[in-house]
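Accompanying notes for the structure given below.
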């Protein structure tokens with residue numbers, strides 16, 4: 001008798017295939033960073049050992065905003081091969097602008 005099943009809590013969820021042919025589950029609208037880019041955005045060149053959550057705490061005032069940096073730079077995972085020394089990432093100066101954009105897209109704002 002099998003203890004584990006092949007069922008997943010995501011089996012009944014809608015999904016889409018992204019531009020890299022990966023299965024994605026919609027959460028809230030993706031950030032179109034070209035629409036939201038601002039002259040005041042910071043451009044940060046990653047160094048060895050940099051972590052997105054630490055950068056979020058340093059530049060956005062809260063490490064839990066790591067996902068904003070990821071979405072703003074089309075980073076699917078905040079660890080691994082997408083985070084490497086020398087990569088330049090854009091960090092929004094105005095976090096409230098991003099939050100308002102997301103709320104507007106989800107109907108919460």
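Couple of notes before you dig in:
- Packing order of peptides 84-93, 60-69, highest average first: 60-69, 84-93 (average count of other Cβ atoms within 10 Å over each peptide's residues).
- A viscosity of 1.002 mPa s and a temperature of 20 °C, combined with the Kirkwood radius over C-alpha pairs in the Stokes-Einstein formula, give the range 30-99 a diffusion coefficient of 178 µm²/s.
- Here the simple spin-label model places points 7 Å from the Cα toward Cβ, and for residue 77 and residue 100 these points are separated by 3.6 nm.
Throughout, read-outs are computed from the coordinates displayed, never taken from laboratory work. What you see is a predicted model, and the numbers here were worked out from it, not measured in a lab. Reconstructed Cβ throughout: ideal geometry from the backbone, glycine too, with neighbour counts over all protein chains shown.
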